[in-house]
Amino acid sequence: MKCQHCDKQAVFHITELESGSVRELHLCEDHARSYLNQSEVAAAAADEEAEGKPKGGGLTGPLGVGQTADELALLDQRSCEMCGITFFEFRNQGRLGCPHDYAQFEKELEPLIANIHGATEHTGRRPDRGPGGLPEGTEELTAVIGLRRGMKEAIGREDYEQAREQRDAIRAIEERWLGGAGTAAQGGP
Amino acid sequence: MRLESLTQSIGEWLRGTGPESDIVMSSRVRLARNVAHFPFVSRASEQDRADVERLLRERIAATPLGKGLEYIDVGRLEEIDRQFLVERQLISREHAEAQGARGVAIDRMEQVSLMINEEDHLRIQCMHSGLDLKAAWEQIRAVDDQIGTLVPYAFHPRFGYLTACPTNVGTGIRVSVMLHLPALVITRQIDKVFRSLHKISLAVRGLYGEGSQAMGDFYQISNQTTLGRTEEELLEQVGDVVPVLIDYERRAREFLVRETQQNVHDQVSRAYGILRTAQTISAEETMQLLSRVRMGVLLGLIGDVKIADINTLLVRTQPAHLQKLRGVELDTNDRNIERARYLRHHFEGGGTAGSSVN
Ligand SMILES: [Zn+2]
Ligand SMILES: [Zn+2]
């Protein structure tokens, strides 16, 4: 049997339990080493965190194959500009924080997505935004998540000028995408 | 909606009609969708969840389809009522056990269910009796289009529809077919069949059961990947393998009748006998025995039972259904006694499953 990441002979056969399903890994010596290395990093990090979250529930397996432990530790600390989730938190929980994560961690998610699906390009249905000039991708609207966070922080430090600016920005985007039925329309400062 | 009104019907997936319904229980398609301007559910604040719930509830109600839907505030339901919806496959176990604002909109036929704030903001599900993936797909596509014009779903030009878990990204589609495969279980071929399914990246799950041990020989086959192929290609991937499984099961049933007629007849008759006479019986045993009787009826070994009745019993002997039919809460022991009573009454009367408990 061949290694699932290269053409070499697979010498390690690993069975992983993740999110309730069994996954089999067949790896050559090199790929097995980097795989085991990075699972150890994840395990060590999880112990440090000591939040009592169940281990092995995350998508720890195929991530960062070929990356060193140092690179991975650095990557783990990176966080999403919008929702604030760190890559480590995602690895631990197996759930992303918000739609922007796919852009924020695009490079890191790509090998993971390729491993799960055997592809990285969506070929199915696409949203029909109709006339009105809205783009297909929703990055602009997702930015509202970050603005909302910024607004709350501004209110927290009593910077109402800043908070009002954030609120107006949210309103403008929501008006464009949702026709004025957004969250800022009801509440806000 | 009063959930009590649902106890009088059995729901689409157990209707026992549709193509190949001797083996295929139901065909189901679900789509995972998220609203672009909120964090995914697991990272959403209480306020976020409430906002998402209200936005989706209101906009779904504003679609043409919305008029035919009933909305249930799952967050406010008693545990037994949430369990009841799980038993009918209208919400998932995860949705029942989750926290915070959440709900489900269902149509009167119980074919369409829209779960709000499950793992994703929106999970649309369409279920049809028997083997009819095309009907389920066409229906869900229409539902998705209607909601999609009013709600900006999170979308990435390259990764497609964005989901909380990367395993669902792209199309967000899960195509499943629920099969009753008792003869493949009895002839010990089931593991071999499933190993070959895994090779073509299809997933197999038992009904209600956790892990590989399926309760009552009911198995669900579904696609494992959601990205890189179109929805139609994924429908085909699952749809193409079902006739093969049907053929295997039919041949196994023929083999059982031909080679082990006495044995099978004995097994089926004993199962039927226990169901008609037991004084206390668990949900698991009931399902196992009903599965055998169901096969016996289809093989012509039991004459006086209708398939639709067995399907009805499969759902009505589940814990929450039993308690709602009885109108009182019962502990496990009392449920087992009540279940046996319900089964005896049903079979003694030779009656239809529609007959009342009292
Ligand atoms: Zn290798
Ligand atoms: Zn994020």
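The values are calculated or read from the model by the stated rules, or taken from the named source; none is laboratory data. Keep in mind that what you see is a predicted model, and the values were worked out from it rather than measured. So basically every Cβ, Gly included, is an ideal-geometry build from the backbone, and we count neighbours across all protein chains shown. Areas reflect the complete protein model, heavy atoms only, side chains present, ligands, DNA and RNA absent. Shrake-Rupley method; radii C 1.70, N 1.55, O 1.52, S 1.80 Å.
Brief remarks on what is shown
- Note on the range B:166-307: with charges restricted to the Cβ of Lys and Arg (+1) and Asp and Glu (-1), its dipole about the Cα centre is near 300 debye.
- Three-way shape label, chain B, alpha-carbon gyration tensor, a/c 1.5: oblate
- The residues of the range B:267-310 expose, per residue, 42 Å² of accessible area to a 1.4 Å probe.
- The simple spin-label model puts a point 7 Å past each Cα toward its Cβ; for B:THR280 and A:GLU161 those points are separated by 7.6 nm.
- Cα gyration tensor, the range B:101-160 - rounded (a/c under 1.5), prolate or oblate: oblate
- If you plug the beta carbon distance of B:VAL244 and B:THR332 into 1/(1 + (r/R0)^6) with R0 = 51 Å, you get a FRET efficiency near 0.80.
- Ranking A:ALA119, A:GLY137, A:LEU147 by Cα position along the charge dipole of the range A:95-151, where only Lys, Arg, Asp and Glu carry charges on their C-beta atoms, puts A:LEU147 farthest toward the positive end.
- Nearest-10 value in Å² for the accessible area of B:SER27, using the 1.4 Å probe: 0 Å²
- One chain, two ends: B:ASP191 and B:GLU58. Fully extended at 0.36 nm per residue, the span grows by 43.3 nm beyond their Cα-Cα distance.
- Packing-based ranking of B:163-171, B:301-309, B:280-288 yields B:163-171, B:280-288, B:301-309, ordered from highest to lowest mean Cβ neighbour count within 10 Å.
- Only Lys, Arg, Asp and Glu carry charge here, each on its Cβ (+1 for the first two, -1 for the last two); on that basis chain B has a dipole of about 360 debye about its Cα centre.
- Chain B - mean residue ellipticity at 222 nm from DSSP helices (-39,500 (n - 2.57) per run, n ≥ 4, rounded to 500): -15000 deg cm²/dmol
- Value of relative contact order over chain B, rounded to a whole percent, pairs C-alpha under 8 Å and six or more apart: 19 percent
- Listed residues B:VAL244, B:VAL35, B:VAL74, most fluctuating in chain B (Gaussian network, C-alpha, under 10 Å): B:VAL244
- Positions from the range B:136-181 whose accessible area shrinks by 30 Å² or more when the full protein complex is built, not the chain alone, probe 1.4 Å: B:PRO152, B:PHE155, B:HIS156, B:PRO157, B:ARG158, B:PHE159, B:TYR161, B:LEU162, B:ALA164, B:CYS165, B:PRO166, B:THR167
- About its Cα centre, the dipole of the range B:1-97 is roughly 360 debye, where the only charges are +1 on Lys and Arg Cβ and -1 on Asp and Glu Cβ.
- Heavy-atom accessible area per residue - the range B:12-92, 1.4 Å, Å²: 37 Å²
- When the Gaussian network model of chain B links Cα atoms closer than 10 Å, the mean-square fluctuations of B:LEU330, B:LEU235, B:LEU133 top out at B:LEU330.
- Eligible aspartates and glutamates near A:LYS8 by straight Cα distance, threshold 15 Å, same-chain separation 8 or greater: A:GLU29, A:ASP30
- For the range B:52-67, the residues whose backbone nitrogen is under 18 Å from a point 7 Å from the Cα of B:GLN99, taken along Cα to Cβ, are B:52-53.
- The range B:104-263 shape via C-alpha gyration tensor axes, a/c threshold 1.5: prolate
- Cross-link check: pairs B:LYS67/B:LYS134; B:LYS134/B:LYS199; A:LYS107/B:LYS192; B:LYS192/B:LYS306; A:LYS2/B:LYS134; A:LYS2/B:LYS192 evaluated at a Cα-Cα cut-off of 27 Å; pairs beyond the cut-off: A:LYS107/B:LYS192; B:LYS192/B:LYS306; A:LYS2/B:LYS134.
- Sites B:LYS134 and B:ARG76 - FRET efficiency at Förster radius 45 Å, r taken between beta-carbons, to 0.05: 0.75
- For the pair B and A, total buried accessible area rounded to nearest 100 Å², probe 1.4 Å: 3900 Å²
- In nm, spacing of pseudo-spin labels at A:LYS107 and B:ILE307 (7 Å Cα→C-beta vector): 5.7 nm
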